[in-house]
1. Please work out if G429 is more than 15 Å from the chain's Cα centre (by Cα), in contact (Cβ under 8 Å) with a residue 60 or more places away in the chain and not in a loop (DSSP other than H, G, I, E, B).
2. Under 7 Å between Cβ atoms, at least 6 apart or on separate chains: pull out the pairs that start in the stretch 59-82 with a residue that is among the charged types (D, E, K, R) and end on any residue that is assigned to a helix (DSSP H, G or I) and buried (at least 22 other Cβ atoms within 10 Å of the Cβ).
3. Please go through the stretch 140-167 and pick out each residue that is part of a helix (DSSP H, G or I) and at pLDDT 90 or above.
4. Taking the stretch 517-536, which residues are surrounded by fewer than 18 Cβ atoms within 10 Å (Cβ to Cβ) and in contact with a strand residue (DSSP E or B) (Cβ under 7 Å, 6 or more places away or on another chain)?
5. Tally time: how many residues in the stretch 194-253 are within 30 Å of K288 (Cα to Cα) and part of a loop (DSSP other than H, G, I, E, B)?
6. Restricting the search to the stretch 271-290, which residues are touching a residue at least 24 places away in the same chain (Cβ under 8 Å), of a type outside the set (V, I, T) and under 23 Å from G17 (Cα atoms)?
7. I'd like the residue in the stretch 349-381 that is aromatic (F, W, Y) and over 23 Å from the mean Cα position of the chain (by Cα) and, out of all such residues, is modelled with the lowest pLDDT.
8. Report whether or not F545 is of a type outside the set (S, T, Y), in a loop (DSSP other than H, G, I, E, B) and more than 27 Å from the chain's Cα centre (by Cα).
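The values are calculated or read from the model by the stated rules, or taken from the named source; none is laboratory data. A quick note: this is a predicted structure, and the numbers were derived from the prediction, not measured. Heads up, the Cβs are rebuilt from the backbone with ideal geometry, glycines too, and the neighbour counts pull from every protein chain shown.
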Amino acid sequence: MEERQNHKVKEIIDGLGDWFSDEERLKQGRMTDELYPYEKLFEPIQINKLKIKNRIVMAPMGNVSMADETGKPGQKMIKYFIERAKGGAGLITSGMTPVSWKADPSYGDLDSTGIFPRIDSHRTAYSGWRAIAEGCHAYGARFFIQLAPGMGRVGNPECLTKKYRLPISSSWNNNWYIPQILCRPLTDRECRRIIRNTGEIAVNARELGIDGVYLHGHSGYLIEQMTDPAYNRRKMGRYKDWQSFGLDMVREIRRRCGAYYPIHYRIDLSLALRETYGEKMDEDKILKKFRNGRTADMTLDYMENLVKAGVDVFDADLGGYDSWWLPHPPNGMPPGVYMEIANLVKEHFDKRGIVSNAGFPIPVMAVGKLGYPDLAERALREGKCDMIMLGRPLLADPYWPQKVYSGRVKEIIPCIGDHEGCLGQFAVGGHPHCAVNPRTGFEDVYQDDMKPAERKKKIAVVGAGPAGAVLACTAARRGHEVVLYDKNDKAGGMLIPGSRPKIKFEIANYMEYINNEIRRISKDYELKTFFGTDVNRDMLKAGSFDAIVTCTGTKPSKPPLPGINLPYVITGADFLKNPETANKAEKVVVIGGSDVGSEAAYMLAYEMGKKVKVVEMTPYFMKKTCTSNRFFMIHHLEAAGVELINCARLIGIDEGLVEIMRNTSDTVPDPYITWTPALADNIANPFVKGLEEAERPMKLEADLVLICTGAIPDDRLYYECIKEHTAPEIYNIGDSFTGGRVLEAVKAGYALGTTI
């Protein structure tokens with residue numbers, strides 16, 4: 001049994017690169033409704049003595065930057081959670097909430113305020129938490145608060161550089177962001193204080209009407225640092241036993257709250273570092289510290305002890321910050337990625353007859369890319385798990401449960417897995433957003449967003465990418481007469497080539513949603529579409545429009561260098577539009593290591609079996625991309641044998657050769673490191689010296705070259721219309737305003753659509 005458990009972890013990790021070669025698994029990531037009605041998803045379940053109306057749980061998706069300076073949940077946070085309860089989820093869980101504010105100096109900002117809500121030290125915050133619980137209850141949902149004593153080594157290291165306080169951890173561990181900074185070990189006395197505080201907060205939560213507490217023993221945060229021998233290498237004291245901290249915390253909650261108050265525990269079955277990095281675990285000076293992490297069988301033993309101490313329910317997956325894509329699966333990872341982890345835990349509990357102290361079975365929640373109704377329902381029917389935890393799918397569409405229950409699966413806004421609106425916003429100091437749902441995190445702003453237009457207008461929208469499609473549908477719903485044009489035969493814009501790699505199946509889902517929504521709105525409102533139509537200024541002038549909105553996207557940018565126009569030199573977009581252009585190539589060089597270049601390289605290597613090299617001018621590949629997505633891509637490009645060449649610039653292209661100048665200095669960072677992030681430009685690492693210049697020429701063999709050096713806004717039509725006064729109102733949004741992401745395009749389309 002133990003061997004099977006540990007083997008399953010390795011099997012999952014090993015299969016993440018080319019999982020899509022299994023066509024049946026790829027089909028699981030489609031928004032289908034073959035199993036409707038979804039009886040198991042909407043079957044009630046009991047956690048301890050608490051009855052949950054269905055099996056759908058909102059995962060802890062960030063309440064960061066949603067509280068006031070005292071930590072009191074504000075209207076933004078209250079409405080954010082209530083919206084998900086209104087959408088039909090049976091159980092709502094908060095994001096991470098400190099239990100001991102002063103125990104971890106990385107939690108707060110410099111002025112002692114912070115980005116997290118609080119419930120640990122005063123009563124000012126209580127009313128906000130009560131409002132959330134009561135608001136969720138009004139829609140029949142239960143609410144758990146997630147508690148976390150600290151971030152430890154994965155917290156903000158500026159507490160040292162600006163507060164002159166060392167970050168903390170279980171042992172002398174390197175800080176994740178700046179590994180040159182060491183985190184000091186917590187003393188046993190500090191650990192006991194944290195545990196007492198946790199019990200106090202839990203009983204406060206109970207008195208406020210919060211239905212249960214949820215311990216964040218996951219992802220490499222402080223609880224896990226204390227309860228995983230990878231990080232806990234203490235040699236003395238009570239907490240050298242890596243299980244003791246978590247068990248004491250649960251016992252304290254149970255002592256203060258009684259036998260029947262639900263305790264939920266979030267855990268990874270294994271950090272899976274050895275399975276992920278192999279020999280690097282013995283070679284890298286940081287990774288080698290973490291060689292002796294919990295195996296799957298060790299974790300299951302710990303989970304048994306947690307149940308004995310008082311835990312009532314678990315969710316489980318794999319990984320931590322040192323392999324960040326594992327606990328935060330990006331768009332390249334498979335649907336239902338950790339279903340087998342939930343199944344392992346459930347089988348173990350069933351085999352050993354494990355029940356809670358209150359005498360009830362222990363429900364196991366499955367997590368990880370489960371926003372596909374048929375996949376979720378099938379997992380419950382087959383007994384692989386007891387509940388389905390949805391994070392990003394409920395940011396994309398809070399009404400996912402309602403739409404699934406009523407059979408309106410095609411109307412669900414699907415998550416695209418880009419992480420730019422959810423995880424990505426935290427890094428820059430923002431609250432949760434969503435790339436495909438502009439209302440997420442703005443429920444307090446868009447309270448009257450579908451107010452009928454005061455004056456009906458005739459509106460032309462040129463371009464049916466995300467910006468144009470959202471604008472057209474939103475404006476039509478408000479009563480405007482909208483005409484939508486696009487040169488392609490369907491909506492999607494740059495999503496059409498962007499959805500070509502098989503790992504971008506979620507983009508394909510979103511594009512299908514856009515086209516379904518356009519058809520639905522066209523049937524019920526005054527929206528007319530003209531696809532396969534090139535539009536010019538004169539056509540728009542003849543249409544006598546009250547308003548014109550150009551969403552005309554971008555045009556490729558090529559560097560003016562020798563050989564750039566050779567026949568075997570094409571843009572990354574052209575390749576994605578016509579992948580057959582690479583059929584006869586064997587050696588491909590990609591110029592540009594941003595998202596497009598890296599994803600094209602992934603497709604060339606994994607789907608087409610090509611030998612690929614990627615050339616990037618800067619020190620880091622995909623630096624502007626969310627760390628989870630970036631790490632996944634880089635790790636699997638290395639696994640596929642793709643050569644990443646950073647700090648190199650293109651000189652020219654000749655027959656069969658690409659000429660570059662490459663910095664060969666020792667100061668050039670290793671492009672394959674995925675256990676330490678690339679810091680944003682506004683965060684300086686004082687311990688790292690700048691790049692030294694040591695360029696030398698190199699020649700790379702190639703029979704196909706992809707130019708992925710960016711694109712520039714195609715705003716020609718907009719300025720032509722402005723110049724000729726083609727309509728009383730003229731707007732320019734989306735990529736034709738500034739080449740960006742789906743996030744900005746959708747927000748712009750929705751904002752204009754609700755106000756025009």
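1. On the way: more than 15 Å from the chain's Cα centre (by Cα): yes; in contact (Cβ under 8 Å) with a residue 60 or more places away in the chain: yes; not in a loop (DSSP other than H, G, I, E, B): no.
Against the criterion (more than 15 Å from the chain's Cα centre (by Cα), in contact (Cβ under 8 Å) with a residue 60 or more places away in the chain and not in a loop (DSSP other than H, G, I, E, B)), G429 does not qualify.
2. K72/G128
3. If the condition is that a residue be part of a helix (DSSP H, G or I) and at pLDDT 90 or above, then G152, R153, V154 are the ones that fit.
4. The answer is S522, E526, K528, F530, F531, T533.
5. The total comes to 16.
6. Kept after step one, since they are touching a residue at least 24 places away in the same chain (Cβ under 8 Å), are these residues of the stretch 271-290: 271-273, 275-277, 284, 286-287, 289-290.
Among the residues that remain, those that are also of a type outside the set (V, I, T) are: 271-273, 275, 277, 284, 287, 289-290.
Hits for the stretch 271-290 are L271, A272, L273, E275, Y277, D284, L287.
7. F360
8. Here the answer is yes, as F545 does meet what is asked.
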